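Chemist: Submitted below is the structure of interest, expressed as C-alpha coordinates.
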Amino acid sequence: MKINEAAEAAGLSRRAIKYYEEQGLVHAAKDKNGYRNYTEEDIGRLKEISAYRKLGIGIRDIGILLSGTKPELLEQIYEEKKKLHQEDENTLEALRQFISDKNTDAFCRSVDYKSVADAMQEMFPGFFGYFSCSIFCRTFRLA
(Lines give C-alpha, C1' and ligand atoms only; values in the text may rest on other atoms or scores of the structure.)
Protein backbone atom coordinates (compact mmCIF):
# COMPACT_ATOMS: atom_id res chain seq x y z
CA MET A 1 0.00 0.00 0.00
CA LYS A 2 1.09 3.58 -0.64
CA ILE A 3 2.02 6.10 2.06
CA ASN A 4 -1.45 7.70 2.24
CA GLU A 5 -3.05 4.32 2.84
CA ALA A 6 -0.34 3.38 5.32
CA ALA A 7 -0.81 6.64 7.20
CA GLU A 8 -4.54 6.02 7.49
CA ALA A 9 -4.09 2.38 8.48
CA ALA A 10 -1.50 3.23 11.15
CA GLY A 11 -3.25 6.39 12.39
CA LEU A 12 -0.21 8.55 11.62
CA SER A 13 0.59 11.48 9.38
CA ARG A 14 2.61 11.04 6.20
CA ARG A 15 5.27 13.28 7.74
CA ALA A 16 5.52 11.04 10.82
CA ILE A 17 6.01 7.97 8.62
CA LYS A 18 8.71 9.71 6.60
CA TYR A 19 10.41 10.82 9.82
CA TYR A 20 10.42 7.26 11.16
CA GLU A 21 11.94 6.13 7.87
CA GLU A 22 14.61 8.84 8.11
CA GLN A 23 15.42 7.60 11.61
CA GLY A 24 15.78 4.04 10.33
CA LEU A 25 12.82 2.64 12.25
CA VAL A 26 10.84 1.59 9.15
CA HIS A 27 12.14 0.35 5.82
CA ALA A 28 9.43 0.20 3.18
CA ALA A 29 10.26 -1.46 -0.12
CA LYS A 30 10.01 0.67 -3.24
CA ASP A 31 8.08 -0.21 -6.37
CA LYS A 32 9.60 -0.02 -9.85
CA ASN A 33 8.24 3.51 -10.17
CA GLY A 34 9.95 4.58 -6.92
CA TYR A 35 6.84 4.70 -4.70
CA ARG A 36 7.13 3.20 -1.26
CA ASN A 37 5.06 0.08 -0.81
CA TYR A 38 4.08 -0.63 2.81
CA THR A 39 3.26 -4.16 3.89
CA GLU A 40 1.02 -5.25 6.73
CA GLU A 41 4.22 -5.92 8.69
CA ASP A 42 5.28 -2.29 8.11
CA ILE A 43 1.86 -1.11 9.34
CA GLY A 44 2.25 -3.23 12.48
CA ARG A 45 5.68 -1.72 13.07
CA LEU A 46 4.30 1.81 12.57
CA LYS A 47 1.54 1.10 15.09
CA GLU A 48 4.12 -0.19 17.56
CA ILE A 49 6.21 2.96 17.06
CA SER A 50 3.09 5.07 17.58
CA ALA A 51 2.31 3.25 20.82
CA TYR A 52 5.85 3.83 22.11
CA ARG A 53 5.68 7.52 21.16
CA LYS A 54 2.36 7.88 23.01
CA LEU A 55 4.18 6.52 26.06
CA GLY A 56 6.76 9.28 25.66
CA ILE A 57 9.57 6.95 24.62
CA GLY A 58 12.32 8.59 22.58
CA ILE A 59 13.34 7.62 19.07
CA ARG A 60 16.69 6.16 20.14
CA ASP A 61 15.02 3.89 22.71
CA ILE A 62 12.33 2.91 20.20
CA GLY A 63 15.08 1.79 17.84
CA ILE A 64 16.55 -0.36 20.59
CA LEU A 65 13.14 -1.81 21.47
CA LEU A 66 12.35 -2.63 17.84
CA SER A 67 15.74 -4.29 17.35
CA GLY A 68 15.09 -6.63 20.27
CA THR A 69 18.68 -6.28 21.47
CA LYS A 70 17.72 -5.06 24.92
CA PRO A 71 14.39 -6.63 25.94
CA GLU A 72 14.67 -5.35 29.52
CA LEU A 73 14.58 -1.73 28.31
CA LEU A 74 10.79 -1.52 28.33
CA GLU A 75 10.74 -2.72 31.94
CA GLN A 76 13.35 -0.07 32.83
CA ILE A 77 11.24 2.61 31.14
CA TYR A 78 8.23 1.38 33.10
CA GLU A 79 10.11 1.63 36.39
CA GLU A 80 11.36 5.15 35.56
CA LYS A 81 7.84 6.30 34.67
CA LYS A 82 6.48 4.68 37.82
CA LYS A 83 9.05 6.57 39.91
CA LEU A 84 8.21 9.86 38.19
CA HIS A 85 4.51 9.20 38.72
CA GLN A 86 5.10 8.63 42.42
CA GLU A 87 7.12 11.85 42.64
CA ASP A 88 4.26 13.70 40.93
CA GLU A 89 1.77 12.22 43.39
CA ASN A 90 3.96 13.28 46.31
CA THR A 91 4.23 16.81 44.90
CA LEU A 92 0.45 17.00 44.45
CA GLU A 93 -0.10 15.80 48.00
CA ALA A 94 2.37 18.42 49.26
CA LEU A 95 0.50 21.07 47.30
CA ARG A 96 -2.83 19.90 48.73
CA GLN A 97 -1.37 20.16 52.24
CA PHE A 98 0.10 23.61 51.47
CA ILE A 99 -3.30 24.83 50.26
CA SER A 100 -4.86 23.86 53.55
CA ASP A 101 -2.19 24.93 56.02
CA LYS A 102 -0.01 27.46 54.10
CA ASN A 103 3.06 26.00 55.82
CA THR A 104 5.85 26.94 53.40
CA ASP A 105 8.56 25.23 55.45
CA ALA A 106 6.78 21.88 55.33
CA PHE A 107 6.03 22.34 51.64
CA CYS A 108 9.65 23.13 50.73
CA ARG A 109 10.88 20.12 52.70
CA SER A 110 8.48 17.80 50.92
CA VAL A 111 9.09 18.97 47.34
CA ASP A 112 12.28 17.66 45.79
CA TYR A 113 13.57 20.35 43.42
CA LYS A 114 16.28 18.06 42.10
CA SER A 115 13.67 15.67 40.73
CA VAL A 116 11.90 18.62 39.12
CA ALA A 117 15.16 19.60 37.42
CA ASP A 118 15.66 16.02 36.23
CA ALA A 119 12.11 15.95 34.85
CA MET A 120 12.72 19.24 33.03
CA GLN A 121 15.86 17.87 31.44
CA GLU A 122 14.01 14.74 30.34
CA MET A 123 11.16 16.79 28.87
CA PHE A 124 13.56 19.10 27.01
CA PRO A 125 16.52 17.01 25.87
CA GLY A 126 19.61 18.57 24.43
CA PHE A 127 20.90 22.09 24.86
CA PHE A 128 17.54 23.69 25.72
CA GLY A 129 16.98 21.26 28.59
CA TYR A 130 20.53 21.71 29.84
CA PHE A 131 20.20 25.49 29.66
CA SER A 132 16.79 25.53 31.40
CA CYS A 133 18.01 23.26 34.17
CA SER A 134 21.15 25.31 34.72
CA ILE A 135 18.99 28.42 35.25
CA PHE A 136 16.51 26.49 37.42
CA CYS A 137 19.23 24.91 39.53
CA ARG A 138 21.03 28.24 40.07
CA THR A 139 17.76 29.89 41.05
CA PHE A 140 17.15 27.26 43.71
CA ARG A 141 20.85 26.75 44.51
CA LEU A 142 20.97 23.11 43.46
CA ALA A 143 24.10 23.30 41.33
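Let's see how each residue does on (1) β-branched (Val, Ile, Thr); (2) closer than 25 Å to Leu55 by Cβ:
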| position | (1), (2) |
| --- | --- |
| Glu79 | no, yes |
| Lys83 | no, yes |
| Gln86 | no, yes |
| Thr91 | yes, yes |
| Ile99 | yes, no |
| Asp105 | no, no |
| Ser110 | no, no |
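Chemist: Within segment 3-60, which residues are assigned to a helix (DSSP H, G or I) and small (Gly, Ala, Ser)? Even if it seems obvious, please write down each step before you answer.
Modeler: Our first condition is that a residue be assigned to a helix (DSSP H, G or I); within segment 3-60, this holds for 3-10, 14-22, 40-54, 59-60.
Ala6, Ala7, Ala9, Ala10, Ala16, Gly44, Ser50, Ala51, listed by residue number.
Chemist: Is there a residue being at positive phi and at pLDDT 95 or above anywhere in segment 33-41?
Modeler: Kept after step one, since they are at positive phi, are these residues of segment 33-41: 34.
Now drop any that are not at pLDDT 95 or above, which leaves none.
Among the residues of segment 33-41, not one is at positive phi and at pLDDT 95 or above, which makes the answer no.
Chemist: Given the conditions (1) in contact with a Leu (Cβ under 7 Å, 6 or more places away or on another chain); (2) hydroxyl-bearing (Ser, Thr, Tyr); (3) exposed (fewer than 13 other Cβ atoms within 10 Å of the Cβ), and given that Ser50 satisfies all but one, which numbered condition is not satisfied?
Modeler: (3) is the only condition that Ser50 fails.
Chemist: If you scan segment 35-50, which residues turn out to be more than 11 Å from Leu12 (Cα to Cα) and not basic (Lys, Arg)? I'd like the intermediate steps shown before the answer.
Modeler: Applying the first criterion (more than 11 Å from Leu12 (Cα to Cα)) to segment 35-50 yields 35-42, 44-45, 48.
Across segment 35-50, the qualifying residues are Tyr35, Asn37, Tyr38, Thr39, Glu40, Glu41, Asp42, Gly44, Glu48.
Chemist: Which residue is farthest from Ile62 (Cα to Cα), if the candidates are limited to segment 20-47 and must be surrounded by 15 or more Cβ atoms within 10 Å (Cβ to Cβ) and within 19 Å of the chain's Cα centre (by Cα)?
Modeler: Of everything passing the filter in segment 20-47, Glu21 is farthest from Ile62 (Cα to Cα).
Chemist: Can you tell me which residue in segment 61-71 is farthest from the chain's Cα centre (by Cα), limited to those that are part of a helix (DSSP H, G or I) and among the small types (Gly, Ala, Ser)?
Modeler: At the first step, the residues of segment 61-71 found to be part of a helix (DSSP H, G or I) are 61-67.
If we keep only those that are among the small types (Gly, Ala, Ser) as well, we get 63, 67.
Details: Gly63: 13, Ser67: 18 Å.
Taking the candidates together, the pick is Ser67.
The values are calculated or read from the model by the stated rules, or taken from the named source; none is laboratory data. Just so it is clear, the model here is predicted, and its values are computed rather than measured. Here the Cβ is made from the backbone with ideal geometry for all residues, glycine too, and neighbour counts use every protein chain on show.
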